[in-house]
1. Please enumerate, by chain and number, the lysines with C-alpha under 28 Å from the C-alpha of Lys436, excluding those fewer than 8 residues away in the same chain.
2. Report the local net charge at Arg428: Lys and Arg +1, Asp and Glu -1, summed over other residues whose C-beta lies under 14 Å from its C-beta.
3. What is the count of Lys pairs in the stretch 1-123 whose alpha carbons sit under 25 Å apart, if the two are 8 or more places apart or on different chains?
4. Can you work out the accessible area per residue across the stretch 470-543, with the rest of the protein chains kept in place, probe 1.4 Å, in square angstrom?
5. Would you rank Lys700, Lys741 by solvent-accessible area, highest first, keeping every protein chain in place and using a 1.4 Å probe?
6. I'm spelling it out carefully: the read-out is mean projected area of the Cα convex hull in nm², the candidates are (i) 45.1; (ii) 38.0; (iii) 47.0, and one was derived from this structure. Which label?
7. Quick one: order Val355, Val563 from most to least accessible surface, probe 1.4 Å.
8. For Lys264, go through the lysines and keep the ones whose alpha-carbon is under 26 Å away, minus same-chain ones fewer than eight residues off.
Amino acid sequence: MITGYDPETKTFRTGIGDLLNFGWLPDSLVPSDNPLSIHARQRVHSAFARSMVRNGWEKEVSVNLDLDVMGIRFLIRGRLDLIRESDGSVEVLEIKTLDGKPDFTDPVQSRRNNSLQLYFYTKALSSARGLTPDSISASLVFLSMDDTAEPEAHYFPLDLSADELERSWLHHIRDTAEFLIAEDSRKSIQLSALGGFHFPYNSTRPGQQEILSDVEYCIENHGYLMIGAPTGTGKTAAVLTGALRATLPGRLTLFFLTAKNTHKSIVLETLRIIIEKGVPLRGIVITARSEVCHRNRPRCLPDDCPYAMDFRDKIHESGVMKELLDHQIIGPDILKAMAEHTGVCAFELGLYLAVQCDIVICDYNYVFDPHVFLKRFFLEQNTAEKCTLLIDEAANLPSRAMDYYSPEIRLSWIEELMEYGSCTARRRKLLRPWMKGFGEWAILLENSGEDEIELPSDTEIPLQTDSWFREITELRDPPEPLRDMFKAIIDFSKISGVSDSRYHLLYRRENDDRILQWFCTDPSLFLRERLETCHSSIAFSATLTPFNHFEYLLGFPDEGRTVSRKIAWPFPKENLGVWISPVIDTRYRSRKESAAFLARKICEIYSSMTGTWLVFFPSYVYLELIADHLKDSSVPLLIQTPGMSREERAGFIERIESENQLVLTVSGGVFSEGIDLRSENLLGAIVVGPSLPGMNLRMKLLSDSYRLRELDPFIHTWAIPGMVRVIQAAGRLIRNSMERKALVLIGKRFTKYPYLDLLPEHWFRDGSIQLLCGGVSGITDFLRKEKGGTKAPP
């Protein structure tokens, strides 16, 4: 990503900090600053500057420098920390903070960027004011961040006549100019190829051209777009094609956000086809740090990791970045393998590569989570506005965002810190009020007889933020529970004492732990803050209707700024047969009574024709109840179990695709969304009930939030989410126009408002859905008919 560069005029407008960080790699990876240590440094920095102002210095003076190097015009801006003029001479100070005392004697060698930043200020002053080099003196001031009350200032005068400084400055400027020239050449080739590219496949499905055009128009106009398109439409290929047509000419970074590894694989395969069509691209997948860690560590410890040492030299000497970029598509496996061969951290290498890629494929959290979002892209407005977001399966983002913005504090952290070997008396003093509070809240929980309770919003919480701040900033590598505790306290401090109807203070038990949490019922404003910093955003899913419901939850702007597009089902309607069995009551209160009848009906459907049927239940408890009734039948069963590992899930899918059986699984689970089942024996799916979320305290609070907005709380809290799961489950059936499948919805609620109104239009035949009140011969006859379509492109 290059911000501030105009390829038409070959002009690069940039701040000195951004310029020096352009292409910069650290000597070695070091632990990130402790939470809020940045604020501590700013506080020390500001206090020192104010004290110098009282002694006649002027602070925060803006300077500019205009250079022409290799045909590139550099317009560089900066703001120096301190300046003092007297008798025709000028003194300049640049302030930096350090943990402890300086362990170096030559900052030009050890603190290259700091030295070049100060050198730039002197060059800019000399150019603007006509000063000679010998009339300017400049020093770096390093303030020690240690246990002392007053940070000690260490002065390092800079020798402005040193050839090494000028060589280093010119070397960096020329390297930057060469990169910009090379990027211009790459983009010229890319755009020429893009002009002859139309679509990854030889033809489009119905609806794909409409999606493609809408996405392209949205990005070209800095817009917001929501697309509701049925499973099988080919959303990924259409959205990617439309997006690349707009982002590549605009030199934007395209973010494809998805929580599913299967979807990441589809994106990568589509990008490879586009490249094979002649369009050169660079794409990278960013996964969780732990997934590409060479040492399989749950938490990064760079002080004790050989892959963190000599990071810059290893990369420069190996040429690994160029080699990976030449691959064009950088998946997790090749990134990890080449990083390990080079001896560097794969995750950090991926982040440095990402800024040179056209598209980044990653999870929602790398954009929206306030703790792990990619700061090099989204921290500053000038970089965020160069990013376009493609939000896949966007109906899932609101619930994820609730987790991002619902901080919690666990009793287990406090107990672990109390027992920690180096727990000081001061820390124990901080922890005791928490132990007392958790004890009092535990009594309230026990007396309620519930697993979770709401505490009054004015409950006294012993935050003591400043004391915790002092506690953690004194430690270079705080223990994990202390990091978690402090991060949560900072989050709590932003909420506690503030009147905000979106937040509710909850206390719950979870296995052997006890948890205090500020539960956020509505994170939409937080999502909107991120969206509005970006260039453009497109949300798409098979379950994104009703649009007004999801537009609000996703934080997409109203007032006509968001365009909503509903795409018709792309296959012949006669290829999907839909029935409702209204005679079985699947409500919670009636499940035991109707279980035997439901099991017989499922057996009857399965036995009508040899093949595989998927059965989706609203909960594991209901699934296990029916499984007990089916175990004595002759029907071969494949049953999903809670907490399956990745390997177990893969084996489960393999068995679905290779054997004829009755598959019992859970709506809204890992097998009801985001997977392509490639089984010629799959005949259909049975969905048991509308799969409503459970009735609990959190759902009640959510319904209250809808009531405050004068919306029907039942429809928005339970009915829409429940029917989203039903539609997701049915999406496993038909993926091309050659397939013919049956869908049976079991439960009388499917025939009533609001559930009937929330069913997709293409499930209706001539405005109605068939009822299954007697035998299943109609299903059998339907499946035996010839399929109505022809093979369509992916």
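1. Reachable lysines: Lys487, Lys494.
2. Values: positive: Arg426, Arg427, Lys429, Arg432, Lys436; negative: Glu415, Glu416, Glu419, Glu471.
Combined, the nearby Lys, Arg, Asp and Glu give +1.
3. Numbers: Lys10/Lys123; Lys59/Lys96; Lys59/Lys101; Lys59/Lys123; Lys96/Lys123.
Summing the qualifying lysine pairs gives 5.
4. Values: 2770 Å² over 74 residues.
That works out to 37 Å² per residue.
5. Working: Lys700 105, Lys741 10 Å².
Largest accessible area first, the residues go Lys700, Lys741.
6. Of the listed options (i) 45.1; (ii) 38.0; (iii) 47.0, (ii) comes from this structure.
7. Numbers: Val355 45, Val563 65 Å².
Largest accessible area first, the residues go Val563, Val355.
8. Lys187, Lys235, Lys277, Lys322, Lys336, Lys375, Lys386, Lys566, Lys791
The values are calculated or read from the model by the stated rules, or taken from the named source; none is laboratory data. Given the structure is predicted, the values throughout are model-derived calculations rather than measurements. No Cβ is skipped: glycine too gets one built from the backbone with ideal geometry, and neighbour counts run over all protein chains shown. Side chains included, ligands, DNA and RNA excluded: accessible areas come from the protein's heavy atoms. Shrake-Rupley method; radii C 1.70, N 1.55, O 1.52, S 1.80 Å.
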